[in-house]
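Chemist: Below you'll find the structure I mean.
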Amino acid sequence: MPIYHKLGNFPQKRHVVFQSPQGKHYYEQLFGTEGFNSFSSLLYHTHRPTQVKEILKSYSVTPKIAVEKNIKSILLKGFDVKAADDFLDSRKTVLLNSDCHIGLAAPKQSMKTYFYKNADADEMLFIHKGKGVLRTFMGNIPFEYGDYLIIPRGMIYQMEFETTDNRIFYVESFHPLYTPKRYKSTSGQHLEHSPFCERDFKLPQDLETHDQTGDFLIKIKKEGMMHEVLYASHPFDVVGWDGYNFPWGMSIHNFEPLTGRVHQPPPVHQHFETPAFVICSFCPRLYDYHPKAIPAPYNHSNIDSDEVLYYVDGEFMSRNDIKPGYITLHPKGIPHGPAPGAMERSIGQKETLELAVMVDTFKSLMVTEDALGIDDGKYYKSWVE
């Protein structure tokens, strides 16, 4: 995250003695990325963050692959994923490759009996339904409909919901997840042509400091396994921190669409990037203003990427019979484009109110067994007139 942020108390210099008013030492922890060569923060704990009391159990959470090499366009009815009380139990990976896992979650209850850490992947949680607070050891971020939450790998967190009808679209990224380089100056400030800026970011606030010892369960996901680890101190015991590596959020409603005289290509909608995939936000916007413009996208070949679209709200103008919560996959190797009639009915229209999230992956995606359970089975034929 190319912004310096800080919460709580910490010493003027790094790696020096820092004590409580009672003379008790605080324990420094570097929370960094890409070794020592990228963004990091320094945290100061009330207790040593290394106190493992017991590893209770470990079990596989590796998604089961149904289709390893896919050529078929598919449509998944996302809201058909059954809700579950527990946040982790509700998460269902539907598409994946070696760079990312894409999935859906429908948790009904807050995380109260354990904390969670993804040791492998940055997480992007898109809040489609629900409201609450992301609680972390670096502070809290309130969230609501339309928010992206970006959670760096290694972050210990809890999701606290104010609602029971919650729907989340998520991506686990095995590469650091950043905003696009082309939007930023050499020092990281978002430039004037960027569709969003630092004012739009939701940064951690309300740092919680729990000076508690006992039994604290942290579920740690690593290499397809879930490890239930018992720690001797509360993980939210940080008295202060500063740096550049921390969770943050942003509303999709604060993404300012870039439009043109004729139809603009998908990169103008880009919101996040990694070396292996991009995430785009399709937001309500005015259509192209050339007198003979065709607002619907032209047919295009997926030569280098698989395209995933998650439909959030409004009527998606290039598709037919799309509902909120649907996911479409257009795999590399075959062209795709507007549904029959979509191009013609877009001509002369002035605006669209569509809202969608797109993930373009540079490696092909595999389809899981959980995906087959919500597949409509016929979408790949939908272009036949």
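Chemist: Looking at K57, is it within 17 Å of K222 (Cα to Cα), over 21 Å from the mean Cα position of the chain (by Cα) and at pLDDT 95 or above?
Modeler: On the way: within 17 Å of K222 (Cα to Cα): yes; over 21 Å from the mean Cα position of the chain (by Cα): yes; at pLDDT 95 or above: yes.
Spelling it out, K57 is indeed within 17 Å of K222 (Cα to Cα), over 21 Å from the mean Cα position of the chain (by Cα) and at pLDDT 95 or above.
Chemist: In addition: Can you tell me which residue within the range 298-327, out of those that are of a type in the set (V, I, T) and under 22 Å from P257 (Cα atoms), is surrounded by the fewest Cβ atoms within 10 Å (Cβ to Cβ)? If you could, list the steps in order and put the result at the bottom.
Modeler: Of the range 298-327, the ones of a type in the set (V, I, T) are 303, 308, 312, 322, 327.
In the following step, the residues that additionally are under 22 Å from P257 (Cα atoms) were identified as 308, 312, 322, 327.
Numbers: V308: 26, V312: 24, I322: 19, I327: 24.
Checked the range 298-327; the qualifying residue surrounded by the fewest Cβ atoms within 10 Å (Cβ to Cβ) is I322.
Chemist: Still on this structure, please answer the following. Which of the residues belonging to the range 1-22 are under 13 Å from V238 (Cα atoms) and among the aromatic types (F, W, Y)?
Modeler: F10, F18
Chemist: Now a separate question. Can you tell which of L217, L149 is within 27 Å of E273 (Cβ to Cβ), assigned to a strand (DSSP E or B) and in contact (Cβ under 8 Å) with a residue 24 or more places away in the chain?
Modeler: Values: L217 fails: within 27 Å of E273 (Cβ to Cβ).
Of L217, L149, the one residue that is within 27 Å of E273 (Cβ to Cβ), assigned to a strand (DSSP E or B) and in contact (Cβ under 8 Å) with a residue 24 or more places away in the chain is L149.
Chemist: If you don't mind, another one. Within the range 60-99, take every residue that is farther than 29 Å from D165 by Cβ and among the acidic types (D, E) and give me the one that is farthest from the chain's Cα centre (by Cα).
Modeler: Filtering the range 60-99 for residues that are farther than 29 Å from D165 by Cβ and among the acidic types (D, E), the one farthest from the chain's Cα centre (by Cα) comes out as E68.
Chemist: A further question on this structure: Just the residues that are in a strand (DSSP E or B), over 14 Å from the mean Cα position of the chain (by Cα) and either free of Cβ contacts under 8 Å to residues at least 12 places away in the same chain or closer than 21 Å to D85 by Cβ (or both), please, taken from the range 112-146.
Modeler: Within the range 112-146, F115, Y116, K117, K129, G132, V133, R135 meet the criteria.
Chemist: Go through the range 190-211 and give me each residue that's surrounded by 14 or more Cβ atoms within 10 Å (Cβ to Cβ) and assigned to a loop (DSSP other than H, G, I, E, B).
Modeler: S194, P195, F196, C197, L203, P204, L207, E208, T209, H210
Chemist: Could you pull out every one of the strands (runs of 3 or more DSSP E) wholly within the range 1-76 that has 2 or more residues that are more than 30 Å from H330 (Cβ to Cβ)? Give the steps one after another, and end with the answer.
Modeler: Details: elements: 5-8, 27-32, 40-45, 52-60, 65-67.
Fully inside the range 1-76 and qualifying: 5-8, 27-32, 40-45, 52-60.
Chemist: Tell me which residues, restricted to the range 340-384, are assigned to a loop (DSSP other than H, G, I, E, B) and surrounded by 19 or more Cβ atoms within 10 Å (Cβ to Cβ). Walk me through how you get there before you give the answer.
Modeler: First, the residues of the range 340-384 that are assigned to a loop (DSSP other than H, G, I, E, B): 340-341, 347-350, 353-354, 362-365, 373-374, 376-378, 382-384.
Across the range 340-384, the qualifying residues are E354, L365, I374.
Chemist: Within the range 242-276, take every residue that is among the hydroxyl-bearing types (S, T, Y) and part of a loop (DSSP other than H, G, I, E, B) and give me the one that is surrounded by the most Cβ atoms within 10 Å (Cβ to Cβ). Quick ask: steps written out before the conclusion?
Modeler: Within the range 242-276, the first condition is being among the hydroxyl-bearing types (S, T, Y), and the residues that meet it are 244, 251, 259, 274.
Still in the running and part of a loop (DSSP other than H, G, I, E, B): 244, 259, 274.
Details: Y244: 16, T259: 16, T274: 19.
Ranking the candidates gives T274 first.
The values are calculated or read from the model by the stated rules, or taken from the named source; none is laboratory data. Keep in mind the model is a prediction, meaning the values are calculated, not measured. When we count neighbours, we look across all protein chains shown, and the Cβ atoms used for this are built from the backbone with ideal geometry, even at glycine.
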